[in-house]
1. Quick one: which of B:ALA89, B:ALA82 is touching a strand residue (DSSP E or B) at 6+ places or on another chain (Cβ under 7 Å) and facing another protein chain (nearest Cβ under 7 Å)?
2. Residue by residue through the stretch A:36-74, note down the ones that are more than 23 Å from B:GLY138 (Cβ to Cβ), more than 13 Å from DNA strand D (Cβ to nearest atom) and among the hydroxyl-bearing types (Ser, Thr, Tyr).
3. Output the residue which, of all residues in the stretch A:41-57 that are within 8 Å of DNA strand C (Cβ to nearest atom) and closer than 12 Å to B:ALA15 by Cα, is nearest to the other protein chains (Cβ to nearest Cβ).
4. B:THR33 - would you say it is of a type in the set (Ser, Thr, Tyr), within 12 Å of DNA strand C (Cβ to nearest atom) and modelled with pLDDT of 90 or more?
5. Only residues in the stretch A:231-257 that are of a type in the set (Val, Ile, Thr) count as the first member; pair them with residues that are in a helix (DSSP H, G or I), Cβ under 6 angstrom, at least 6 apart or cross-chain, and list the lot.
6. Could you tell me whether A:THR183 is of a type outside the set (A, V, I, L, M), assigned by TED's automatic domain parsing to the domain that holds A:ARG243, without any contact (Cβ under 8 Å) to a residue 12 or more places away in the chain and part of a helix (DSSP H, G or I)?
7. Determine whether the stretch B:107-114 contains at least one residue that is surrounded by fewer than 21 Cβ atoms within 10 Å (Cβ to Cβ) and in contact with a Pro (Cβ under 9 Å, 6 or more places away or on another chain).
8. Report, by residue number, each residue of the stretch A:19-40 that is charged (D, E, K, R) and within 14 Å of another protein chain (Cβ to nearest Cβ).
Number of protein chains: 2
Amino acid sequence: MSAVERRGGAGIQSAERALRILELVGAAPTGLTAAEIADRLGLGQSTTYRLLATLQHDDYLARQPGEHRYILGRSVDELGRALQVQLVATDPVRAVLRALHDAVHAPAYLTVFRGDDIAVAHIADSPDHPRIGQLHVGFAEASHTTAFGKLMLASRDDAAVARFLERRGAARLTASSITDAATLRDQLDEVRAQQLAVEVEEYLPKLACIAAPVRSPAGRVVGAVSVSVSSKDLPSRAWELERAVRRGAWQVSARVAG
Amino acid sequence: MSAVERRGGAGIQSAERALRILELVGAAPTGLTAAEIADRLGLGQSTTYRLLATLQHDDYLARQPGEHRYILGRSVDELGRALQVQLVATDPVRAVLRALHDAVHAPAYLTVFRGDDIAVAHIADSPDHPRIGQLHVGFAEASHTTAFGKLMLASRDDAAVARFLERRGAARLTASSITDAATLRDQLDEVRAQQLAVEVEEYLPKLACIAAPVRSPAGRVVGAVSVSVSSKDLPSRAWELERAVRRGAWQVSARVAG
DNA sequence: CCCCTGCTTCGCACTATGTGCGAATCGCCG
DNA sequence: CGGCGATTCGCACATAGTGCGAAGCAGGGG
């Protein structure tokens, strides 16, 4: 087909082009015209229109009547909904998080491990006890500086952790962040022993976080339930928070399907 | 490639296969293995693995370390997020809906017109004033029996409305549902004149709904703000509700970008 | 009323791209 | 060490995908 190498291209090209179209259209708040898409992707019009027809046929794209621009369609919404289910963000689970929040008066988080990423599946907070910084529902960088991140790493063996660090590095976010591989390894051992991860001012100043593992029926660690508090409150509340988080994680585990 | 015709196939097949894989994986709460996918799609392994590699490369699919099953990846979430933006479901807009709900003590809805579909972009309700039936955020069938549906139809010309009815029909949902094309046309004229749509027990028994149009800066009607109340309350509150809904729609319009 | 300008579809010729099949590897478990 | 699933590789074929150019449409000014 075309001449020279395209960047990034690994695999089926027409599939990749289709995906790129979706991303492009999604990135434009009001959608794009066929010409704009063809232009930005460097495709001929024939090709572009055929691709667009396919995406439209399956409702991944739609267009307002009369308008000449393509916008994301309902299938995108359906996929997103399916993702929510895979993230275990069901109503009963949300209820557990809410109860946890109400019990400890601190924001509560449900995170799910996904490959090398961490997905924040749900947050129960309130105006009085706002969530951590800019953390929001969606995918987040997995990090060794968060309690749930440690839990995720602890669910793997040392070799896998080493590979992970090689890929992602061990960034220093605060003065307390752990950047030494050996220190981290020791901590992960402790996490495995306690089945609990704690983080104190390693991710954001003045903040601490406690996380307990969520397990699938098969016993696999698939995510974490956690709460964050001001680090100065941690010493006096550690015992209470640990109990609450452990219970929350247990309750969520009981409500997880596969 | 393969032999006989496949159902539905209109357009680029590898793109369609990629999309079908995403749907398949999304439909399985705990993901699928490569073999299962190949099997259900009737594809050879070579092809399947190549397709999977592509989807994984672009983060539409991911897999747990060690696991042999594919799950939806972060790109799916990103697309869904992009859709939210296109649906105008931004924080300032949500705030308007919340204020509207608090003012009238009734559930408030923001709907966005998308092709022939209606997307429920946001709902502001409360335990005291629950939302309409099973209506939830996401795409919904456009219907001439809802206030926002009438608004959507009213934003088109008679020919387009006729075409729509031909495609979707005019189903009777309650005793009051309008099923006669001529009657509907007259009502839509009235909607255009008043820039307001009302529905009384046409969608669900005992429920009434009032909707006002949201306009893009260009003046195009792109959606609706609406509230629903018990139909027995409508007569006494009509004036108040109309004012509140009109104001809400105006405020949302002012916060819409393109 | 008709031309002009963008959007969209069509037809065609070419071959790169996607494909199936089978075999080779890999990785894990017993 | 043997066996079994998962995954990759190699190869030959032709289909599916592509670009280009031209033909339809639709709409908006003049």
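1. B:ALA82
2. none
3. Going through the qualifying residues, I end up with A:ALA53.
4. The answer is no for B:THR33.
5. Once the first residue is of a type in the set (Val, Ile, Thr) and sits in the stretch A:231-257, its partners that are in a helix (DSSP H, G or I) give A:VAL252/A:VAL93; A:VAL252/A:VAL96.
6. Yes.
7. no
8. A:ARG20, A:GLU23, A:GLU36
The values are calculated or read from the model by the stated rules, or taken from the named source; none is laboratory data. If you're wondering where the values come from, they're calculated on a predicted model, not measured in any experiment. Here Cβ is always computed from backbone atoms with ideal geometry, including for glycine, and neighbour counts include all displayed protein chains.
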